[in-house]
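S.K.: Below is one structure. I have some questions about it.
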Amino acid sequence: MPVFSLDPVQTAWCAELRALAARRLRPLADRGDPGRVNRPLLAELGRLGLLERVFTSSALDLCLLRESLAQGCTEAETALALQGLGTCPVVLTGTESQRARWLPEVSAGRAVAAFALSEPGAGSDAAALTLRAEPDGHGWRLTGEKRWISNAPEADFYTVFARTSEGAARDPVPVPASDPAPRSRPGSRGVTAFLVPAGRPGLTGSPIEMLSPHPVGALVFDAVPVTREDVLGEVGRGFRTAMTTLNRFRPSVGAFAVGMAQAALDATLEHTATRTAFGGPLKDLQSVAHQVAEMATRTEAARLLVYAAACAYDTGAPEVPARSAMAKLYATEAAQYVVDAAVQLHGARALQRGHPLEHLYREVRAPRIYEGATEVQRTIIAKELYG
């Protein structure tokens, strides 16, 4: 059953996380180089035991962790989440030797992970990926490109999804109704997941400058060698690994968005209670009070959807894909609204470089796109509803 309130232990843990984010993580984030992997920040997350919690916690606790960190330090939240996303396939399907090699290093903040799924022509449409894994004796050679990969090109290892066969053109992958010329596509079959350490011959990369300065880059694979020892799970079953990983993390993307929305709402409550205009505090203006009420309602609705999706995942409920998509869809859209409304109510000060809302305004846009854009979430929901 969905949880509609937190117990005292969970509430105390969230408060502790918010305090840690402000006191110990925020200073490290501020000293980091924008657009680069912040290794001191990762090391501190490891010392605090938070990175290990990504792999050992329930889906609900993962949401509480991401929501709480996001309220105090979005950089720390993002660094933690990216470690989880890049390493989750190793946890799910890795061999004993792969887990022994990488999980302790990631948990301690000494190794940086990356989830390499998106391509120039296959972002949300992950089944259309074209990175080739061409047979080469006892292994394969990876040839192609990945783009918009978080932590690239600085990661220590990459979870890479490549096509080891052409799959089946009849694979039931939906084509957007707006596509003027539906075409035969390889579909989700024949995709294999590989664990590729940095430094492999033929693997190069370059950073991409983004609106919000996160470590994001492109990877070029020029006949990069991989062997059967590098396979994660089964050959040809990598798409399932990717989707299982995303189903676990999509509700927690919503939790990240809820944390940002809550931070914007808290700032707005303080500002409108103390800022005077037209002879009194802003909160006494009905137009302002109603806007703040709407912000609070959407934030709380998003939070409940996120918690319900996480609980569905933890209990093995059959509706996990739909609930995860609903949580990710609604929470990210709600956060965009709440942060934008907060900026409007703060006025010009919120647009000044360095203001907390200026930071949130740039941060809140990307979650509506990554790990499945809003439009893709609606497609998933509709597909689940119609069976």
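S.K.: Residue 184 passes all but one of (1) of a type outside the set (D, E, K, R); (2) assigned to a loop (DSSP other than H, G, I, E, B); (3) modelled with pLDDT of 90 or more; which number fails?
M.R.: Tallying (1) of a type outside the set (D, E, K, R); (2) assigned to a loop (DSSP other than H, G, I, E, B); (3) modelled with pLDDT of 90 or more, residue 184 fails exactly one: (3).
S.K.: Can you name the residue in segment 305-324 that is in a helix (DSSP H, G or I) and of a type outside the set (A, V, I, L, M, F, W, C) and, of all such residues, is nearest to residue 264 (Cα to Cα)?
M.R.: Of everything passing the filter in segment 305-324, 307 is nearest to residue 264 (Cα to Cα).
S.K.: Follow-up. When segment 90-107 is examined, which residues are found to be under 20 Å from the mean Cα position of the chain (by Cα) and closer than 19 Å to residue 47 by Cα?
M.R.: Matches in segment 90-107: 103, 106, 107.
S.K.: Go over the candidates 263, 327, 348 one by one and state the one that is outside the structural domain of residue 73 (by TED's automatic domain parsing), over 22 Å from residue 78 (Cα atoms) and either hydrophobic (A, V, I, L, M, F, W, C) or outside any helix (DSSP H, G or I) (or both).
M.R.: On the way: 263 fails: over 22 Å from residue 78 (Cα atoms); 327 fails: over 22 Å from residue 78 (Cα atoms).
Unique residue meeting the criteria: 348.
S.K.: For segment 109-126, state whether one or more residues are modelled with pLDDT under 95 and in contact with a Pro (Cβ under 9 Å, 6 or more places away or on another chain).
M.R.: Yes: segment 109-126 contains one or more residues that are modelled with pLDDT under 95 and in contact with a Pro (Cβ under 9 Å, 6 or more places away or on another chain).
S.K.: What residue, among those in segment 57-71 that are more than 13 Å from residue 248 (Cβ to Cβ) and small (Gly, Ala, Ser), is surrounded by the most Cβ atoms within 10 Å (Cβ to Cβ)?
M.R.: 70
S.K.: Residues that are in contact (Cβ under 8 Å) with a residue 40 or more places away in the chain and surrounded by fewer than 23 Cβ atoms within 10 Å (Cβ to Cβ): does segment 346-354 have at least one? Quick ask: steps written out before the conclusion?
M.R.: Restricting attention to segment 346-354, the residues satisfying the condition of being in contact (Cβ under 8 Å) with a residue 40 or more places away in the chain are 346.
Then drop every residue that is not surrounded by fewer than 23 Cβ atoms within 10 Å (Cβ to Cβ), which leaves 346.
Yes: one or more hits.
S.K.: If residue 368 passes every condition in (1) more than 23 Å from residue 241 (Cβ to Cβ); (2) buried (at least 18 other Cβ atoms within 10 Å of the Cβ); (3) touching a residue at least 40 places away in the same chain (Cβ under 8 Å); (4) not polar (S, T, N, Q) but one, which one does it miss?
M.R.: Status for residue 368: all satisfied but (3).
S.K.: Restricting to segment 1-35, and then to whatever is modelled with pLDDT of 95 or more and in contact with an Asp or Glu (Cβ under 7 Å, 6 or more places away or on another chain), can you tell me which residue is surrounded by the fewest Cβ atoms within 10 Å (Cβ to Cβ)?
M.R.: 24
S.K.: Residues of segment 187-235 being crowded, with 17+ Cβ neighbours inside 10 Å and at positive phi, which ones?
M.R.: Result: 187, 190, 233.
S.K.: Of the conditions (1) surrounded by fewer than 20 Cβ atoms within 10 Å (Cβ to Cβ); (2) of a type outside the set (A, V, I, L, M); (3) not in a loop (DSSP other than H, G, I, E, B), residue 332 clears all except one; give me its number.
M.R.: The failed condition is (1).
S.K.: So how many residues does segment 267-310 have that are within 35 Å of the chain's Cα centre (by Cα) and in contact (Cβ under 8 Å) with a residue 24 or more places away in the chain?
M.R.: Residues that pass the stated criteria total 22.
S.K.: For segment 266-284, which residues satisfy the criterion of being over 28 Å from residue 77 (Cβ atoms) and either small (Gly, Ala, Ser) or surrounded by 15 or more Cβ atoms within 10 Å (Cβ to Cβ) (or both)?
M.R.: If the condition is that a residue be over 28 Å from residue 77 (Cβ atoms) and either small (Gly, Ala, Ser) or surrounded by 15 or more Cβ atoms within 10 Å (Cβ to Cβ) (or both), then 275, 277, 279, 280, 281, 282, 283 are the ones that fit.
S.K.: For segment 229-255, which residues satisfy the criterion of being charged (D, E, K, R) and modelled with pLDDT of 95 or more?
M.R.: Those that are charged (D, E, K, R) and modelled with pLDDT of 95 or more: 229, 230.
The values are calculated or read from the model by the stated rules, or taken from the named source; none is laboratory data. Small disclaimer: the values here were computed from a predicted structure and weren't measured. Don't worry about glycine lacking a Cβ; one is built from the backbone with ideal geometry, like all the others, and counts go over all protein chains shown.
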